[in-house]
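Working notes, beginning with the structure itself.
The values are calculated or read from the model by the stated rules, or taken from the named source; none is laboratory data. All values reported here derive from a predicted model rather than from experimental measurement. A quick note on method: Cβ atoms are made from the backbone with ideal geometry, for glycine too, and the neighbour counts reach across all protein chains shown. Surface areas here come from the heavy atoms of the whole protein model, side chains and all, with no ligands, DNA or RNA. Shrake-Rupley method; radii C 1.70, N 1.55, O 1.52, S 1.80 Å.
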Amino acid sequence: MREVGQARPAKVMALLIIIKPKIVDPAFPTYIFRLKPKEEGIVYFSFIGYFTEQTTSLFLQVPKSRNQTSGLGMGELEIDKHVQYVLAVEKKKDDFESLVMEHLRMNGAYWGLTTLDILQKLGSVDQDAVVSWVMSCQHDCGGFSGNVGHDPHVLFTLSAVQILALFDRLDVLDIDKVSSCIAGLQNEDGSFSGDIWGEIDTRFSYCAICCLAILHRLDRINVEKAVNYIVSCKNLDGGFGCTPGGESHAGQIFCCVGALAITGSLHHVDKDLLGWWLCERQVKAGGLNGRPEKLPDVCYSWWVLSSLTIIDRVHWIDKDKLAKFILDCQDKENGGISDRPDDAVDVFHTYFGVAGLSLLEYPGLKAIDPAYALPVDVVNKIFFGR
Amino acid sequence: MHGRPRKPLKPEESAASIDKANKLRALQSQFYHIHHNKIYDKEALDLSAKLLEMNPEIYTAWNYRKLGVESNLQSLSDPDSIKSLLDEELRVVESALRQNYKSYGAWHHRKWVLRKGYSSIEREFRLLDQFLKADSRNFHGWNYRRFVAALQNVSDEEELKFTTDKINANFSNYSAWHNRSVLLSHLLNRKAQGFVPREKVLSEEYELVHQALFTDPDDQSGWFYHLWLLDQTVNQDTTLLISSWPVHGLELTLSNNRTEDVRLSSPFPAFNLDNFVHKEGVPLILYFNQAVEGVNSSTVTVNSMLEKNENLIWKPLSTNKSGKAHSWMTYLKIPDVRNSALKAHTIEVSLGHSQGIISSRGCHCIHPTCFRFTLNLQFNDSENMETERSTEMINWKDENFVTSDAFLQDFTPTLLRFNQLTINEGYVSTISNWHVETLENEIALFRELLSEVNCKIAKLTLARLLMSLDIVMSSGAICKQRTHTKEVLELFNDLVKMDPVHSRYYKDQHSLLLMEQVTSDEESLAKHFWYYKELTSSLSQTNFCLRLNKLSLSRIGFLERLLWIQMLDLSHNELHSIEGLESLQLLIYLNLSHNRISCFTALEPLRLIKSLRSLDISYNEIGIHSIDTTRYLCSSPLSHTRASDCHVEEHATVNVEVANYWEALLIFKDMRLTQLDIAGNAVDNENFRMLLVKELPSLLWVDGARVK
Ligand SMILES: [Zn+2]
């Protein structure tokens, strides 16, 4: 690093410092430089850019502002509005946005119902109607589809089983039939396909493992191979991808860490390395993103927080700031939570926001289990009950 | 739904949405008809294509098209018509991806078609170039690229070059850095041509990543790659034994004599047999520099005159079921000395002379090590070896602890010997000048960057580099003064202020380093030694206590230096976890009061300490938190690591909701505590105590009150 002289860009006295010659073509050297303000307090950011010996003008790139606006003051969770919103979503079918979600209504029902349970309002739902609709989505193979008329898939089979667990109605299931269907999705290398069409993803490993554990049928699959496959998707940053070599992503990390937790295999996780990567998902404004240099989004409140909770590193983030970010994403008039402040709400982000607040121990909410993604009392009943 | 503004739709938008919905609904109901009736003619396929263009996420429609392809392929044999049939699928996928490039179903459909082997891979690379240009972080695109590269047998070298191009186009591309780390580790591991020596390759990578880091220090993309390079630089494959109990050269006196006053004699080598030696025998503990497996009677040779110690059973000290651990232990059986003429036994432990101990990184290299210690047996016939252990109650108040110069003087030589671990004599580190120079170069570079910009990750990286240099320089030695500890502690203090959002991450790192400092030599360790005076003569040999209280510790570490501790005071810290404490296999008395332990499950490491009798966890946070962050770090039915053995009916006599206390029962059931202090926790109430007393027959005192 050496100083090469002084420049006067933007009326600011600054030192021009060559940081690194970046030699792509030796005949045409490019330098990366930084302009360092000479007097403190004049500029609050540094300029970064490139120039070449042939360049006479400088192209300056101003970094993103460091202080993002913090939004309005800390609000309260509008529990009643959110309950009304979730109940209304179920009935709303006429607009395009509702219709494009129709094929994954089973997921939607799980998100909505779990939200209601965390808000302690599951009683406002017609249980029998939901259970009979869920069962109408079961196929001969034992798997469930996203809605009536669609094909079965492990993503929806898990949601169906979770819904039945919420209502303590697992008794309506032919457990062996469902388990056989899931066990049949395991491949030779331990991975899981989502359905008969063979898409492989660690998300499906999680769905299969979580579902079988709830049904007390983990012995139906080769757990060791399943774990080894997940471990083969571990990256050098400590995170996990959807297949071996895939980039780490908070959603994928939740699936892999959750599956490893359920199978007692967390020793495969480098808790400090992954914990640091995950806690660095929190941006200054308080929200969490899902990958480096991405925007914060409420849904990562769940994926990042649950993973951090499972590996006991959740104290590495600022919980108050995150709670504030989630609360700022509420639609205080009509209920529901969106991905970012002032965006349109949906049931997916409403669930992840409320579940995130539960993990943050927001008062008045039921505690949620970070691995099974069901309220703790529901999980305890499954594993410690009669 | 992402990035859609929250505003009520204008009437015309609302009408358009309903109009669009009607169209989609009509298509959908026609689609159900063709799907359920298995109609795969052109008209039907066109209909499904239209549906997918409108909503690429309808997975069932992709399934339908696959069924259609399979059905229509049956009547085709000419490769050209097969290809054109499949090309139509690729066209549908492409237009769906232009609608939504994140559609899992569309990408999978494309892979499914490509696997049939009729399509041009070149076209796929061109398509990918477009998608990765539009969004260079699209992980579907990157996954698909790995897929087609494998299909085409594109070399890792070529793909590595692609990442170089992507990185040079824009340093802020975490996806490219990630892919680079994957490819490069393959190439390095198989020592591909042009990728040896490793040192040369890593040096070039440092050069590349510096450009990114110095261009925009606040961009995270390159920093994680730099951390990986650092790991590649300092990571040593060789497994070393770094600590043991008993230590090399120790003369250990075992006696069952309760009356002899050994208070002011050197406390370390004298142990009263029934204060810590279990019926099983004398614990023998090995501590390695990394978690290992394969420690057994064939990989570790124990030579002694003692009988019945040929087939020792070694156990990993770990709270998980991996079978791997940093520390391993076994029990040496003590002969019945009344029948033995020999009172002093030399025991030699050697390992590493044969293969079989494997590190968690899968490495078989272990440095051969041998150490010796002596057991002096002084048993008095008149004493009954089977007497129950003494049942004194510990009171941890400050007045009961004194420090004495005489005591410490006597103590220091022992400590000195304890610290002179000669077990790795002859170990030639694989650390070369290159390692040291690289680290020093990095340190200089980041010091310079920090002189210009105040960047938190640069500061954290500098701290990590300094710690790595210290480790590299002291490689193989357990307690060698680290030269940069003070500076690094300061860096972490700065970071706490600079980046308050992650302050507890830096505090944890600070705490670990503080533990390092405190335990690094005799002098600093001796400052924390106290003498517990309340103990009556029957406990006289366990009368010294390591007090690491009031140090603001939030995390503990370097326990390999404390394997011999029997009484430990960690009170008045900020601990919420005691991960690693399971290595202290001689621990009898433990004070964890006034910390931040929030769940019983956090006490899991204690389940492995069979010698523990007295535990103080008063004034913690047990019972006030709704979320248990160690729920999956302990053995339980939830993680399928332990069968559920606490059903509600069994406890019907005690009027408590047992499901609420399953953690406490799982943790305490295997322990043989005589004293438990639990006051000052929200969980503490009359019912809970009744349950404890009922379930834990060994318990004599709860919160200072005699319960039996
Ligand atoms: Zn989102």
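The range B:348-379 and the range B:487-520 have Cα centres lying 34 Å from one another. Test of the criteria: in the range A:167-272, which trypsin sites (Lys or Arg not before Pro) are in a DSSP loop and have at most 16 other Cβ atoms within 10 angstrom of their Cβ? Here the trypsin sites (Lys or Arg not before Pro) that fit, given the DSSP loop and packing criteria, are A:ARG169. Let me check I've understood the local charge: for B:ALA705, count other residues with C-beta under 11 angstrom from its C-beta, Lys and Arg +1, Asp and Glu -1. What total comes out? In short, +1.
Would you mind working out the magnitude of the charge dipole of the range B:44-127 relative to its Cα centre, with +1 at each Lys and Arg C-beta and -1 at each Asp and Glu C-beta, to the nearest 20 Debye?
Dipole size: approximately 300 debye.
Taken as Cα centroids, the range B:138-214 and the range B:432-459 sit 23 Å apart, rounded to the nearest whole angstrom. In the context of the full protein assembly, B:ASP237 retains an accessible surface of approximately 80 Å², using a probe radius of 1.4 Å and ignoring ligands and nucleic acids. Summarising the label geometry, the points placed 7 Å from Cα in the beta-carbon direction at A:GLU97 and A:ASP171 lie 4.1 nm from one another. Comparing each chain alone with all protein chains together (probe 1.4 Å, DNA, RNA and ligands left out), the residues of the range B:167-191 losing at least 50 Å² of accessible area are B:TYR174, B:HIS178. Once the 1.4 Å probe is applied to the protein heavy atoms, the range A:73-384 comes out at 30 Å² accessible per residue. When accessible surface is computed with a 1.4 Å probe, chains A and B are found to bury approximately 9200 Å² between them, both chains counted.
Would you mind checking A:LYS177/B:LYS38; A:LYS121/A:LYS366; A:LYS284/A:LYS324; A:LYS93/B:LYS23 for any pair whose Cα atoms are more than 19 angstrom apart? Violating the 19 Å limit, Cα to Cα: A:LYS177/B:LYS38.
First compute the accessible area of the range A:272-358 with a 1.4 Å probe, then give the percent of it belonging to carbon and sulfur atoms. With neighbouring chains kept in place, the figure for the range A:272-358 is 49 percent. Label-to-label distance, B:ALA169 versus B:GLN30, with points set 7 angstrom from Cα along the beta-carbon direction: 3.9 nm. The lysines within cross-link reach of B:LYS708, meaning a Cα-to-Cα straight distance under 16 Å and a gap of 8 or more places when in the same chain, are B:LYS694.
If R₀ is 60 angstrom, what is the calculated FRET efficiency for the pair B:ARG596 and B:VAL154, using the beta carbon separation as r and rounding to 0.05?
Taking R0 as 60 Å, the efficiency between B:ARG596 and B:VAL154 is 0.70.
For A:LEU87 and A:LYS225, FRET efficiency with R0 = 35 Å and r from the beta-carbon atoms, rounded to 0.05? Step by step, r from the Cβ atoms, then E = 0.25.
Rounded to the nearest 20 debye, the dipole size of the range B:515-706 about its Cα centre is 340 debye, using +1 on the Cβ of Lys and Arg and -1 on the Cβ of Asp and Glu. With a simple spin-label model that places each label point 7 Å from the Cα along the Cα-to-Cβ direction, the separation between B:ASN100 and B:ILE121 comes to 3.1 nm. How would the range A:73-384 be classified by its alpha-carbon gyration tensor: rounded, prolate or oblate, with rounded meaning a/c under 1.5 and the a/b versus b/c comparison settling the rest? Note, shape of the range A:73-384 comes out oblate.
For the range A:69-139, a crude dipole built from +1 on the beta carbon of Lys and Arg and -1 on the beta carbon of Asp and Glu, taken about the Cα centre, is about 80 debye to the nearest 20.
By the rule of a C-alpha distance below 17 Å, with chain neighbours fewer than 8 residues away ignored, the lysines paired with B:LYS486 are B:LYS459, B:LYS507. The lysines whose alpha-carbon is closer than 26 Å to the alpha-carbon of B:LYS315, local same-chain residues fewer than 8 away aside, are A:LYS225, A:LYS271, B:LYS279, B:LYS324, B:LYS333, B:LYS610, B:LYS669.
Note on B:ALA134 and B:ASN37: the extension gain reaches 30.9 nm, defined as 0.36 nm multiplied by sequence separation minus the Cα-Cα distance. When a/c is below 1.5 the answer is rounded, else prolate if a/b is larger than b/c, else oblate, so apply that to the range B:100-188 with a ≥ b ≥ c taken from the square roots of the Cα gyration tensor eigenvalues. The shape class here is oblate.
For the pair B:LYS669 and B:HIS186, a Förster radius of 41 Å applied to the C-beta separation gives a FRET efficiency near 0.30, rounded to the nearest 0.05.
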